[in-house]
2 protein chains.
Amino acid sequence: MRDFLPTDVRKREYVIGVIKSVYQSYGFEPLETPAVENIETLMGKYGEEGNQLIFQILKRGEKLQESKKLGVSEDSRLADLALRYDLTVPLARVVANNRERLPKFFKRYQIQPVWRADRPAKGRFREFYQCDVDAIGSTSMVVEAEIIDAAIKILERLGFDDFVVRINHRKLLSEMVSSAGIANESDALVALDKLDKIGSDGVKGELVTRGIAPDAADRFLASVAGTTSFPELDRVVELCGSSRVKIDPSLARGLSYYTGTIMEINVPDLAGSLGGGGRYDGLIGMFGKEQIPACGFSLGLERILVVMDERGMFPPEIAESTPADVLVTIWSEETAPKSLKLAQDLRADGLRVTLYPEADKLGKQIKYADSINVPFVCILGESELENGTVNIKNMKTGEQQTIAYGKTGQVVKQLGSVRH
Amino acid sequence: MRDFLPTDVRKREYVIGVIKSVYQSYGFEPLETPAVENIETLMGKYGEEGNQLIFQILKRGEKLQESKKLGVSEDSRLADLALRYDLTVPLARVVANNRERLPKFFKRYQIQPVWRADRPAKGRFREFYQCDVDAIGSTSMVVEAEIIDAAIKILERLGFDDFVVRINHRKLLSEMVSSAGIANESDALVALDKLDKIGSDGVKGELVTRGIAPDAADRFLASVAGTTSFPELDRVVELCGSSRVKIDPSLARGLSYYTGTIMEINVPDLAGSLGGGGRYDGLIGMFGKEQIPACGFSLGLERILVVMDERGMFPPEIAESTPADVLVTIWSEETAPKSLKLAQDLRADGLRVTLYPEADKLGKQIKYADSINVPFVCILGESELENGTVNIKNMKTGEQQTIAYGKTGQVVKQLGSVRH
């Protein structure tokens, strides 16, 4: 798990800010759920492998003592709580529990960390953020179109111009599998999911290894390669009205709870996806009496950040990562209150101002300003204090000018805007 | 632990936004640490009671099996990780581990949840947010003054006008205790800490119960009541230059790691505080070789929210909590793409637009808009589609007007600004 130092946080908050702003412009509302869920809420929702990856929280006090006395055989008896594994299951729980408090169609976004007890690897972390958007309550494909449209707008706003939104449909996948004469659909889809990595021959080999007849495998792969149209998918393309959306019959996202459209966004220089999602009309019913249709999309924040860093896509003010517009110096213990006052006055002018915390040699104060990348230093030295002036040092050019105290904010802002 | 539905999140994000913006204007930088720390990092840092309140995370896989075989007697053997208990200890760890990557004076803010396995009670939660600001690396009291100044600005910006910042100093407390002839300082301070609740006689009773002689208790309480000045505190008051800052020799914050100034902010209608903090020059040294001075302040987000809610202090746009400025209707499956397009066009005009997700009776669509508190509905019906117009319904007044398609965004914005 990672600490995010200031430069990291600024980049993350910039991207999260764009995501929030676009989702809000589509009428999606914010939801936050606790990091900790009851263990029963999570267990069994992510398959056997998922169960192993859930961080479990030890019972406390008497309950823990009781569990120990019982001579526990199963780990889950020692734990009653667990860390959130994704944002979809908590959403389903919230919707099932708050049906009367939520609107008939509930559109929410949620940007929070999740935890998985995976072996850490390059680009894989045990704590990472998910950025999810879901629309609850309608089976209309307008929902798919709006979710795709919003994801496109986010990536465009962040500066991506080479991504593709691939879409497929569970029904199309089922039809292709069964009309090829393959009985075991999940075996076929697990193999198909590797098409990007191992190619058509590789998938055929894997299908045969899994006991599927070679001619059935050929028929299946031929229909995957030959299909360009499907009513539901044609409708999504029509509604989106964007040339970025492509029907791809080979797309087979892993999660078993998808029931309709599935979608994924890719860029050429990244093996994985920048995000993915789909329709899941059966999940919410697992938490309540009512079956409620839903469709969602999850943007991969960590991957978006990696690609934006590699491509240098952050705007200059984020990439430069300065903690303040100006540093104010302190001449002596006696004059420190005047430096605090200057800092307050400059903040009232709308500037971000950091104050050197103690009386110190002027050279050390300027060196510190340089080390934290602050573009201007306002020097309140002996003569400035006597004359009611401030000396402004431009840290980039080295130029200095002495001006009337009351004009300091205005001059720094002028110099600052020239600089950018 | 709580789910935050959209109205809650909007209020929380509004307050957090003000806090961030003010701290940034003082040159504080953002830091984020993982929710999960190694258990050794947390254990023993919060006293025996604190240890009991730490959520522990069960070991996984083979390590868990090994611990079980050992016939564990201590709980901590079953756990290797734990949930963050506060933001100060993680900060100390980060500073000790990243000394060369961080500036000489590191000013950071951190706004993240923490977890405590407390019995839930009114206003007390097992997951809650802390908003911490800390300045690392200087012993100067300019640091205290800036931290207090920033907290004052935040509360004023949020609309608080009746709060007081009480300050005290560990050295003054020690001097009062020892000159009263009391040997056990921590007993004396634990009793003094209850002055607000049980009054002077109550504290005297508690001091005597703890074995302190009645005349020593009297001397101690007299000096607490009679002291109005202390050099370090006078300096903080001078530097702050705010009449809100009051010296209060009875302030005795519980945490044992404070070494200098301590501070707390109170409002009349809340028993607890809106925030508190102090100087702790010894804590960071526990995590590294170097002793590094530090001073911090923690704003109580949950309490600030409670008081703001009770007093109705949220600005109208937050309190009203609308998911969108306008809802666009869908006339039929065939014309749905035109509704999607209108929604896109209005978003391009800067409006937040939600689309009814399916073709439905117009009355139901308008009723839904009303249920989610959207102030305007843009109706694309049969005649509007034929004539290239849009019908705008003002949900507050009931008024409707039909206008040219291209003017829709402009008209909604005009109507909207009249409404606010």
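The values are calculated or read from the model by the stated rules, or taken from the named source; none is laboratory data. Remember, predicted model here, so these are calculated numbers, not experimental data. Cβ placement follows ideal geometry from the backbone for every residue including glycine, while neighbour counts extend to all protein chains displayed.
For the reader, a short list of remarks on this structure follows.
- Qualifying residue in the stretch B:26-35 (condition: in contact with a helix residue (DSSP H, G or I) (Cβ under 9 Å, 6 or more places away or on another chain) and more than 8 Å from every other protein chain (Cβ to nearest Cβ)): no
- Selection within the stretch A:25-50 - surrounded by fewer than 17 Cβ atoms within 10 Å (Cβ to Cβ) and among the polar types (S, T, N, Q): A:Asn38
- Qualifying residue in the stretch B:37-48 (condition: among the small types (Gly, Ala, Ser), at the interface with chain A (Cβ under 9 Å from one of its Cβ atoms) and more than 29 Å from B:Gly17 (Cα to Cα)): no
- Residue pairs whose Cβ atoms lie under 6 Å apart, separated by 6 or more positions or on different chains, with the first residue in the stretch B:76-103 and under 16 Å from B:Pro30 (Cα atoms) and aromatic (Phe, Trp, Tyr) and the second surrounded by fewer than 21 Cβ atoms within 10 Å (Cβ to Cβ) and at pLDDT below 90, do not occur.
- Note on the stretch B:325-353: residues that are in a loop (DSSP other than H, G, I, E, B), hydrophobic (A, V, I, L, M, F, W, C) and more than 8 Å from chain A (Cβ to nearest Cβ) total 1.
- Selection from the stretch A:130-143 of residues that are crowded, with 23+ Cβ neighbours inside 10 Å, more than 12 Å from chain B (Cβ to nearest Cβ) and either among the hydrophobic types (A, V, I, L, M, F, W, C) or out of contact with any Lys or Arg (no Cβ under 7 Å at 6 or more places or on another chain) (or both): A:Cys131, A:Asp132, A:Val133
- Any hit, the stretch B:394-412, residues being touching a residue at least 24 places away in the same chain (Cβ under 8 Å), surrounded by fewer than 17 Cβ atoms within 10 Å (Cβ to Cβ) and closer than 22 Å to B:Glu317 by Cβ: yes
- Yes/no for A:Leu102 being within 9 Å of chain B (Cβ to nearest Cβ), surrounded by 19 or more Cβ atoms within 10 Å (Cβ to Cβ) and in a loop (DSSP other than H, G, I, E, B): yes
- So B:Leu355, is it surrounded by 23 or more Cβ atoms within 10 Å (Cβ to Cβ) and more than 21 Å from the chain's Cα centre (by Cα): yes
- A:Val22 vs. criteria at the interface with chain B (Cβ under 10 Å from one of its Cβ atoms) and either outside any helix (DSSP H, G or I) or of a type outside the set (Asp, Glu) (or both): yes
- Options B:Gly312, B:Gly363; residue that is within 26 Å of the chain's Cα centre (by Cα) and free of Cβ contacts under 8 Å to residues at least 24 places away in the same chain: B:Gly312
Matching residues to (1) among the hydroxyl-bearing types (Ser, Thr, Tyr); (2) at pLDDT below 95:
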residue	(1), (2)
B:Lys194	no, yes
B:Arg219	no, no
B:Phe230	no, no
B:Tyr280	yes, yes
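- Residue list for the stretch B:57-89, restricted to those being at pLDDT 95 or above, within 13 Å of chain A (Cβ to nearest Cβ) and either closer than 20 Å to A:Glu37 by Cα or not in a loop (DSSP other than H, G, I, E, B) (or both): B:Ile57, B:Leu81, B:Ala82, B:Leu83, B:Arg84
- Positions within the stretch B:377-420 being small (Gly, Ala, Ser), part of a helix (DSSP H, G or I) and within 28 Å of B:Glu320 (Cα to Cα), in sequence order: B:Gly409, B:Gly416, B:Ser417
- Which listed residue, of B:Ala79, B:Ala121, B:Ala117, is in the same structural domain as B:Ala150 (by TED's automatic domain parsing), under 27 Å from A:Arg60 (Cα atoms), of a type in the set (Gly, Ala, Ser) and out of contact with any Lys or Arg (no Cβ under 9 Å at 6 or more places or on another chain): B:Ala121
- For the stretch A:199-236, the candidate set comprises residues that are crowded, with 16+ Cβ neighbours inside 10 Å and more than 14 Å from A:Ala188 (Cα to Cα); within that set, the residue that is nearest to the other protein chains (Cβ to nearest Cβ) is A:Arg235.
- Residue identified as at pLDDT 95 or above, surrounded by 23 or more Cβ atoms within 10 Å (Cβ to Cβ) and among the acidic types (Asp, Glu) among A:Glu146, A:Glu156: A:Glu146
- Unmet requirement for B:Val374, which otherwise passes all of (1) assigned to a helix (DSSP H, G or I); (2) within 14 Å of chain A (Cβ to nearest Cβ): (1)
- Where helices (runs of 4 or more DSSP H) sit wholly within the stretch A:182-236, none has at least 3 residues that are in contact with a Cys (Cβ under 7 Å, 6 or more places away or on another chain).
- Boolean, A:Thr322 is in contact (Cβ under 8 Å) with a residue 24 or more places away in the chain, in a strand (DSSP E or B) and within 30 Å of A:Leu158 (Cβ to Cβ): no
- Qualifying residues in the stretch B:363-376 (those that are among the small types (Gly, Ala, Ser) and surrounded by fewer than 21 Cβ atoms within 10 Å (Cβ to Cβ)) - the one farthest from B:Thr322 (Cα to Cα): B:Gly363
- Of all residues in the stretch A:240-260, at least one satisfies being within 14 Å of another protein chain (Cβ to nearest Cβ) and among the polar types (S, T, N, Q).
- Of the residues making up the stretch A:128-138, at least one is over 30 Å from B:Asn373 (Cα atoms) and either touching a residue at least 40 places away in the same chain (Cβ under 8 Å) or not hydroxyl-bearing (Ser, Thr, Tyr) (or both).
- Whether a residue is more than 30 Å from B:Ser339 (Cα to Cα), crowded, with 18+ Cβ neighbours inside 10 Å and touching a residue at least 60 places away in the same chain (Cβ under 8 Å) was assessed, and A:Leu239 does not pass this test.
- Test for A:Ile284: is it at pLDDT below 90 and either touching a strand residue (DSSP E or B) at 6+ places or on another chain (Cβ under 8 Å) or acidic (Asp, Glu) (or both): yes
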